[in-house]
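The block underneath contains the structure these notes are about, expressed in structure tokens.
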Amino acid sequence: MRLAPQETRTYLVTAVTAGRRSLFQVTATAGLLEQTILDYRSQEKFLLHAFVIMPDHFHALITPAPEVSLEKAVQFIKGGFSFRFKSKHDVWMRSFNESQIMSEEKFMSCVWYIEENPVRRALVATPEAYPFSSAGRGPLDPMPLHLRGK
């Protein structure tokens with residue numbers, strides 16, 4: 001299977017817990033999801049540009065590795081978390097939402113949307129105050145070159 005070049009495959013991904021249960025309201029559970037995401041990033045399964053873990057869902061701005069489909073990248077996150085969490089109940093809704101990012105402006109607005117999510121939900125006063133987010137932790141992976149100036 002030949003995938004599209006990596007530089008054309010940057011996505012905003014959202015996955016929601018089964019029944020919209022607030023699993024990630026528990027610090028240890030949110031930390032486990034964050035560690036799962038960061039572990040797969042360090043294994044170079046995807047580039048991670050921004051993320052936030054909300055009580056009942058997460059958003060991530062990712063660019064899958066050249067040999068990894070978007071579906072597989074999301075499966076690493078959702079399936080990897082479920083395996084580590086060892087719940088007897090369903091953890092995730094079956095599908096996920098994605099939006100392909102095609103311009104620098106859209107990339108920047110997605111970073112803002114992701115990092116401002118806890119502020120909009122009145123969980124914190126500033127994005128940097130929310131512990132399970134890319135906000136305030138310095139750059140993760142930079143914007144892909146193909147998006148700059150578009």
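Given the criteria under 22 Å from TRP112 (Cα atoms), in contact with a helix residue (DSSP H, G or I) (Cβ under 7 Å, 6 or more places away or on another chain) and crowded, with 20+ Cβ neighbours inside 10 Å, does LEU33 qualify?
Against the criterion (under 22 Å from TRP112 (Cα atoms), in contact with a helix residue (DSSP H, G or I) (Cβ under 7 Å, 6 or more places away or on another chain) and crowded, with 20+ Cβ neighbours inside 10 Å), LEU33 qualifies.
Just to be sure I understand the filter: pairs with C-beta atoms under 6 Å, separated by 6 or more residues or on different chains, first member in region 18-37 and farther than 16 Å from GLN75 by Cα, second member acidic (Asp, Glu) and not in a helix (DSSP H, G or I). Which pairs pass?
Pairs that qualify, where the first residue is farther than 16 Å from GLN75 by Cα and the partner is acidic (Asp, Glu) and not in a helix (DSSP H, G or I), are ARG20/ASP56; SER22/ASP56.
Condition first: basic (Lys, Arg), under 13 Å from ALA50 (Cβ atoms) and without any contact (Cβ under 8 Å) to a residue 40 or more places away in the chain. Can you find one or more residues in region 129-139 that meet it?
So far as region 129-139 goes, yes, one or more of its residues are basic (Lys, Arg), under 13 Å from ALA50 (Cβ atoms) and without any contact (Cβ under 8 Å) to a residue 40 or more places away in the chain.
When the residues of region 86-144 are filtered to those that are polar (S, T, N, Q), farther than 20 Å from ALA28 by Cα and in a loop (DSSP other than H, G, I, E, B), which remaining residue is modelled with the highest pLDDT?
THR126
Of the residues that sit in region 38-67 and are free of Cβ contacts under 8 Å to residues at least 40 places away in the same chain and over 25 Å from SER22 (Cα atoms), which one is surrounded by the most Cβ atoms within 10 Å (Cβ to Cβ)?
PHE46
The values are calculated or read from the model by the stated rules, or taken from the named source; none is laboratory data. Everything numeric here is computed off the predicted structure, so don't read it as measured data. Please note: Cβ atoms are built from the backbone with ideal geometry, for glycine as well, and neighbour counts cover all protein chains shown.
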